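Following: one structure in structure tokens, then a few remarks.
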């Protein structure tokens with residue numbers, strides 16, 4: 001193959017396999033290897049609500065440019081079971097490759113119990129339509145007819161060689177390594193520097209040197225085999241030297257980092273996918289370091305000594321009702337407190353959120369959305385809780401609602417959600433989602449030096465309250481954010497109640513006090529709307545005079561920006577308005593952008609285009625088009641590119657439903 | 001300090017003769033006797049008549065949601081273990097809608113006292129049957145005799161793992177005060193079931209019934225109380241060695257079956273050998289008691305974040321070669 005037609009450092013790779021077989025660690029090793037070689041990474045993880053046996057897969061993009069989303073096409077499919085070939089071979093590009101286990105060639109679609117009836121009849125129709133049988137070999141034949149390179153890797157034979165080399169008596173002890181053999185074969189076909197994979201294996205297996213050596217030895221054999229079998233493979237990965245350090249992380253980790261940096265010291269959770277990862281990460285890192293550099297030099301020695309012993313307490317509760325109420329109790333003592341959950345758990349938190357709102361308690365709820373309603377698809381993606389989070393609970397209960405669109409925003413929003421909660425003395429709901437939580441990628445080391453902690457109107461030590469001038473928790477004269485004392489501060493006794501209350505916090509049903517308290521609580525939300533700067537409420541990308549403007553929120557940001565890069569390269573004048581603050585709604589900022597646009601395209605991962613409705617309610621401006629997706633799989637930038645192109649060319653229906661995914 | 005030091009000026013709107021008055025009074029007496037500073041005490045309640053207690057006591061008072069007093073209280077205590085935390089509920093509140101938290105509080109053994117105002121009815125919603133009302137009993141607002149059987153709070157508390165389990169009677173003020181003092185002093189999760197007649201809706205388990213006014217002819221014309229004190233009969237509830245746990249727990253369960261003509265009050269079970277939740281946390285977080293979540297400084301003088309993420313960020317950083 002002439003070098004000119006090679007595709008270097010722009011790759012979409014996928015590995016699949018039964019759950020429990022190490023698909024995630026293989027993808028982790030592949031991505032890390034690429035990152036060690038200086039490439040940027042975006043990884044998408046898909047799995048069933050199942051412990052073992054169901055099909056999971058992981059797609060990784062590696063490039064020298066910016067990458068924030070997945071694409072539909074796969075350039076290398078790495079497999080070691082039959083189901084992966086059946087489910088994903090059709091997604092492989094004509095110039096791509098399939099790495100597979102030749103011993104599985106005669107396995108039929110019907111032999112794989114985890115391929116359900118709908119998918120199975122679809123596959124059979126595909127194969128029969130080409131006059132083929134129903135085996136893995138038939139699937140591969142169809143692929144070969146399209147020009148796809150087939151890379152048979154006899155995994156069992158390679159494992160036997162490794163067992164012999166390392167004197168392992170039973171093959172079953174190293175059978176797990178098959179996943180890293182598939183990675184090794186991928187690197188071989190791509191001719192990527194094998195040393196990068198060794199570094200990645202050291203990352204993945206950390207201190208276990210023997211495990212690293214054995215996996216590396218196996219991967220090397222697969223590497224050499226694939227390199228020999230496909231000497232002319234079109235796709236290549238090349239080491240890009242001199243790249244700066246990068247963070248490689250998931251959205252769960254990013255959110256956790258932001259919350260820790262923001263001073264989170266108490267977090268509760270009840271196990272639920274995909275929210276638990278964040279709490280488990282926090283718990284695994286519960287002992288915290290303190291940076292005393294900012295403390296005044298004259299006090300730093302003694303103060304620093306006092307600041308040692310920092311930690312975050314993570315509590316696994318009996319249910320999500322306990323999770324939100326326990327975090328609220330902790331917040332009453334002055335600890336920055338939060339809970340993290342997903343839809344079903346959030347449903348249980350309604351009453352607690354209302355209590356925090358009426359009692360003006362700063363508590364943060366990080367809501368990892370997943371496909372609903374009810375249990376829905378617990379491990380699949382959706383942005384379906386926007387309206388729910390906005391109105392969660394009975395009565396009018398002010399809350400701040402913000403939504404993150406990428407890993408860096410997860411960090412910053414995790415941080416500022418704690419600030420908003422304390423400054424405006426109300427619950428804050430931070431919307432993230434399954435895609436952000438479970439996807440991973442490289443980002444530049446974020447600059448966070450502008451971030452400051454704002455504890456709001458907090459009663460300081462040495463306050464002037466006494467028996468003669470008693471403390472009033474809900475003092476109208478010092479509102480709308482009345483001075484907030486925390487339990488345990490001398491001369492600041494207060495009362496809380498979920499009932500309407502007077503300035504001291506005692507129950508009242510008085511008509512005048514009721515109105516004043518309702519108005520006080522709402523005034524805080526209005527003030528937040530005035531104080532929070534526009535550039536923290538919305539992001540705008542693209543030409544200011546764009547006639548077509550996309551409106552979206554949350555994790556669709558990555559796919560939209562990647563699609564826009566291609567549209568902008570084709571000189572299309574399209575803008576993108578990302579709404580980050582949902583409550584209080586940035587009405588004038590949003591209206592300002594949308595009023596000028598002739599074509600307004602709402603892009604969302606939910607059935608009913610929830611944001612489009614909210615925008616219309618708040619601004620009176622209707623969308624001309626909606627592009628939605630609700631099959632549980634995040635939008636790819638490629639399908640979004642196609643849909644946006646159709647809208648831009650005037651060829652789209654008002655509503656487009658995206659359907660790609662496996 | 002006097003009980004009156006813990007009183008507020010809030011109008012008390014309980015029904016005249018309510019058993020809640022005795023519980024309120026004894027809480028104030030106990031706080032005074034233990035000389036606790038009001039700002040170091042948090043009193044947490046759920047929903048119902050019992051929940052109003054906190055508005056009548058001059059300490060931090062947190063009147064929460066139906067059934068949720070325990071998790072709120074748990075959050076307060078965990079974030080600042082230096083506080084004394086007391087929790088009050090009704091039997092519907094604590095054993096019905098809040099039953100899940102009741103069980104899980106036992107698993108934790110947090111150092112706090114939980115008091116249930118036990119009257120067998122939902123008073124504030126006009127007298128429906130509550131979880132401690134016996135099967136077949138028809139209090140006056142019920143259309144039919146109670147179709148559910150009663151839960152035994154003492155059994156439930158023991159099964160859940162409470163390490164101090166007692167029962168008081170709201171008209172025996174001195175005895176109840178002593179129990180509350182003991183419960184506060186117990187290191188671990190203390191559960192106190194208080195028999196508290198509802199004069200408005202429970203016309204069966206009345207003050208007169210507990211006092212045995214109906215049994216005068218059996219006792220030479222004098223009332224023959226149903227309630228008796230276990231300590232008067234040399235009942236020994238204390239676990240002094242781990243080997244005694246089985247016997248003492250069995251003995252407590254057996255005692256807690258008594259009802260009807262003889263209703264025991266006092267301490268059923270006391271086991272100070274179980275580590276508290278706070279102590280278990282300290283095993284993982286050595287500085288927990290000195291630097292609990294609420295007492296950590298998180299920002300410098302100009303809001304500079306004090307949390308140093310270097311270690312975590314390094315672990316997530318890839319340095320390309």
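Only the coordinates and a few stated rules stand behind these numbers; no lab work does. Note that the coordinates shown come from a computational prediction; the quantities given were computed from them, not determined experimentally. With ideal geometry, Cβ positions are generated from the backbone for all residues, glycine too; neighbour counts draw on all protein chains shown.
In what sequence do A:156, B:55, A:648 fall when counting other Cβ within 10 Å, fewest first?
Fewest-to-most ranking of A:156, B:55, A:648: A:156, A:648, B:55.
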Original post:
If you line up the long axis of helix B:20-33 against the longest principal axis of chain B, both from Cα atoms, how many degrees apart are they, to the nearest 10?
Top reply: 50 degrees
Original post:
Residues in region A:35-64 near a label at residue B:319, defined as backbone nitrogen under 20 Å from the 7 Å Cα→Cβ point?
Top reply: A:35-41
Original post:
Per residue of A:483-490, how many C-beta atoms from partner chains lie within 10 Å of its own C-beta, taken as a mean?
Top reply: 5
Subject >> Distance (nanometres) between label positions extended 7 Å along Cα→Cβ at residue B:126 and residue B:11 >> reply: 2.2 nm
Original post:
In peptide A:198-208, how many Cβ atoms from other protein chains are near each Cβ within 10 Å, on average?
Top reply: 1
Original post:
What is the gain in length, in nm to one decimal, between residue A:374 and residue A:461 on full extension, counting 0.36 nm per residue of separation less the C-alpha to C-alpha distance?
Top reply: 26.6 nm
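How much length is gained on full extension from residue A:449 to residue A:111, taking 0.36 nm per residue of separation minus their Cα-Cα distance? Display every interim value, and only then the final one.
Numbers: separation 338, 0.36 × 338 = 121.68 nm, distance 5.67 nm.
The residue A:449-residue A:111 span can extend by a further 116.0 nm.
Can you put A:625, B:117 in order of Cβ neighbours within 10 angstrom, beginning with the fewest? Spell out each step's value before the answer.
Details: A:625 23, B:117 30.
The most exposed by this proxy come first: A:625, B:117.
Efficiency by 1/(1 + (r/R0)^6): what FRET value for residue A:176 and residue A:6, r their Cβ-Cβ distance, R0 = 30 Å, to the nearest 0.05?
On the way: r = 34 Å, r/R0 = 1.13.
For residue A:176 and residue A:6, the calculated efficiency is 0.35.
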Subject >> Calculated FRET value between residue A:527 and residue B:4, using beta carbons and R₀ = 56 Å, to 0.05 >> reply: 0.85
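Using Cα pairs under 8 angstrom and six or more residues apart, how large is the relative contact order of region B:3-280, in percent?
Working: 624 pairs, mean separation 49.0, N = 278.
Contact order relative to length: 18 percent.
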Original post:
Projected area of region B:14-135, taken from the Cα convex hull and averaged over every viewing direction, in nm²?
Top reply: 7.5 nm²
**OP:** Take every DSSP beta bridge whose two residues both sit in the protein assembly as shown, then give the antiparallel share in percent to the nearest 5.
**Re:** 35 percent
**OP:** Would you calculate the separation in nanometres between label points at residue A:588 and residue A:657, each defined as 7 Å from the Cα along the Cα-to-beta-carbon direction?
**Re:** 4.1 nm
Subject >> Stretch gain in nm, segment residue A:571-residue A:618, where the contour uses 0.36 nm per residue and the Cα spacing is subtracted >> reply: 13.7 nm
Subject >> Modelled label reach - residue B:148, point 7 Å along Cα→Cβ, region A:316-334 residues with backbone N closer than 20 Å >> reply: A:319, A:321-322
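Across the residues of A:497-505, average count of Cβ atoms on other protein chains within 10 Å? Kindly include the intermediate steps, with their values, before the conclusion.
Details: counts 10, 9, 5, 0, 2, 1, 0, 5, 6.
Across the residues of A:497-505, the mean count of other-chain Cβ atoms within 10 Å is 4.
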Original post:
Normalised by the residues of region A:537-658, what does the relative contact order come to in percent, with Cα pairs under 8 Å and at least six apart?
Top reply: 28 percent
Original post:
Which residues does a label at residue A:293 reach in region B:296-312, if reach means a backbone N under 18 Å from a point 7 Å past the Cα toward the Cβ?
Top reply: B:298-312
**OP:** Per DSSP H run of n ≥ 4, the term is -39500 (n - 2.57); total these for the protein assembly as shown, divide by its residue number, and report the mean residue ellipticity at 222 nm rounded to 500 deg cm²/dmol.
**Re:** -10500 deg cm²/dmol
Original post:
Taking the convex hull of the alpha carbon atoms in region B:3-280, what volume per residue do you get, in Å³?
Top reply: 127 Å³
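Take the Cβ-Cβ distance between residue B:279 and residue B:246 as r, set R0 to 30 Å, and report the resulting FRET efficiency rounded to the nearest 0.05. Please list the in-between numbers first.
Details: r = 23 Å, r/R0 = 0.77.
With a Förster radius of 30 Å, E is 0.80.
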Original post:
Most exposed first by the Cβ proxy, i.e. fewest other Cβ within 10 Å, how do A:493, B:204 rank?
Top reply: B:204, A:493
**OP:** Could you check what % of the DSSP bridge pairs in chain B are antiparallel, to the nearest 5?
**Re:** 20 percent
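For chain A, count all C-alpha to C-alpha pairs, find those more than 43 Å apart, and express that count as a whole percent of the total. Spell out each step's value before the answer.
Values: 65056 of 218791 pairs.
The answer is 30 percent, as a whole percent.
Could you tell me what percent of the DSSP beta bridges with both partners in region A:345-437 are antiparallel, to the nearest 5?
Numbers: 1 of 11 bridges.
Counting DSSP beta bridges with both partners in region A:345-437, the antiparallel share is about 10 percent.
What percent do you get for the relative contact order of chain A when only Cα pairs under 8 Å and 6+ apart count?
Details: 1412 pairs, mean separation 77.2, N = 662.
Worked out over chain A, it gives 12 percent.
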